[in-house]
Structure formats: C-alpha cells, structure tokens
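Only the coordinates and a few stated rules stand behind these numbers; no lab work does. Because the structure is a prediction, the values reported are computed rather than measured. Here Cβ is always computed from backbone atoms with ideal geometry, including for glycine, and neighbour counts include all displayed protein chains.
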Amino acid sequence: MASEKNNMKLAILLIVIAATMSSLSQLVWKFGADTKNSGLAWGLYILGFVLAGLGMVIMSVAFRYGEVSILHPMMSLGFALSIVFGALFLQESITIGKVI
C-alpha cells in the first residue's frame, strides 16, 4: 500500500514535469518563429523538439507508476502554464477568456 502511494506521488511529480516541458517547448517554438535570425530560429526549433520529446518520454514513465485516468488529465496543467509563460516572457495579457 505504501509503495503504491509512493509510486503515485512519483507519477504526479513526473507528469507535472512533463506538462512543464511541453509548455516550455511551445514557448521556445514561439521564440523561434519570432526571431529574424534563421540560424537561431532553427536552434530554437530543435530545442523545442528536444523539450517536447523529453516531456513525452517523462509522461510515458509517469504512466508506469500511476493510473492514466488520473495522470493524463493532469497534462492539462500545460495549458495553464502556457498562459503564465506567455504573460511572463511574451508580455501577453491574461484575460478571463484565456483562463476560461
């Protein structure tokens, strides 16, 4: 029983990391799309794919330790993080429409 509880805690931690990496990958892709330097853009696109790929691997590992029905909905945290990252790094406004 304690082992299952510890496994679920690990799974939740991993899924939060995966959601964060997913959001960061999208932010990096946005920076790549906005840059005028094509070399930098390609570097940012590749970094974004690496982050997204690592996020997917971490998500898959999380599924080994917890229930998909609990963990996969937690990936929605990525949407909330994208709103926060947009406000912090892109000076986008946080509106009711974005939150809903």
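Which of the peptides 88-99, 47-58 is most tightly packed, and how do the rest follow, judged by the mean count of other Cβ atoms within 10 Å per residue?
Working: 88-99: 9.8, 47-58: 16.5.
Result, highest mean Cβ count within 10 Å first: 47-58, 88-99.
Which FRET efficiency value, to the nearest 0.05, is calculated for Val61 and Val84 with the Förster distance at 25 angstrom and r the Cβ-Cβ distance? If you can, show how the numbers build up before the last one.
On the way: r = 25 Å, r/R0 = 0.99.
It comes to 0.50.
What spacing in nm lies between the two simple spin-label points modelled at Ile17 and Leu77, each 7 Å away from Cα in the Cβ direction?
In this crude spin-label approximation the distance works out to 1.2 nm.
Match the structure shown to one of the listed values [x] -0.67, -1.26; [y] -0.47, -1.09; [z] -0.65, -1.45 of log10 I(q)/I(0) by the Debye sum over Cα atoms at q = 0.12, 0.23 Å⁻¹, computed from it, and give that label.
This structure yields the entry labelled [y].
If packing is taken as the mean number of other Cβ atoms within 10 Å per residue, what is the order of 3-9, 40-46, highest first? Walk me through the numbers before you get to the answer.
Working: 3-9: 11.3, 40-46: 14.6.
The most tightly packed comes first, giving 40-46, 3-9.
Any idea how far apart Thr95 and Glu4 come out in nm if each label point goes 7 Å out from Cα toward Cβ?
Between Thr95 and Glu4, the label points sit 4.7 nm apart.
Could you work out [θ]222 nm for the chain from helices alone, using -39500 (n - 2.57) per DSSP H run of at least four and dividing by all its residues? Round to the nearest 500 deg cm²/dmol. If you can, show how the numbers build up before the last one.
Numbers: 5 runs with 86 residues, N = 100.
After summing the helix terms and dividing by the residues of the chain, the value is -29000 deg cm²/dmol.
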